[in-house]
Amino acid sequence: QVQLVESGGGLVQPGGSLRLSCAASGSRFSIATMGWYRQAPGKERELVAVITSYGSTTYTDSVKGRFTISRDNAKNTVFLQMNSLKPEDTAVYYCNAEINIAVRFWGQGTQVTVSS
């Protein structure tokens, strides 16, 4: 029904930047919330940032001041600008779209590796 396609991941040195994008297609309803989660090896998937259709944002403490989430409602696209990247940011980043609390969709993930 809904397909999420992530892009923008890759390898970057500590202190560098990356911009992730995720486009949602196929939804017949407005997407209330879009966000990014990540999962590092041996760890559980965790929230990185979320943004509502009206622009309210939430960030996990470890990325505050470094990451910025934004969205284009007309295109159902969410972005994650990641600055001052650290090795501990290394993970697979997953896009999420929420129609309501009972209907959620996930992308396949994009790898972000921060290493010198």
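The values are calculated or read from the model by the stated rules, or taken from the named source; none is laboratory data. Bear in mind that the values here come from a model prediction, so they are computed numbers and not experimental data. Quick reminder, even Gly has a Cβ in these numbers, built from the backbone with ideal geometry, and neighbours come from all protein chains shown. We work out accessible area using only protein heavy atoms, side chains counted, and drop any ligands, DNA or RNA first. Shrake-Rupley method; radii C 1.70, N 1.55, O 1.52, S 1.80 Å.
Computed quantities for the displayed model
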read-out: Pick from the range 54-92, criterion of a type in the set (Phe, Trp, Tyr) and assigned to a strand (DSSP E or B), ranking: least open to solvent (accessible area, probe 1.4 Å); value: 67
read-out: Unmet criterion (only one of (1) within 27 Å of residue 1 (Cα to Cα); (2) over 11 Å from the mean Cα position of the chain (by Cα); (3) open to solvent by 10 Å² or more (accessible area, probe 1.4 Å); (4) touching a residue at least 24 places away in the same chain (Cβ under 8 Å)) for residue 31; value: (3)
read-out: Near pairs, Cβ below 8 angstrom, 6+ apart or cross-chain, from the range 71-97 (of a type outside the set (Val, Ile, Thr)) to any residue that is in a helix (DSSP H, G or I) and crowded, with 17+ Cβ neighbours inside 10 Å; value: 82/63; 82/89; 89/63
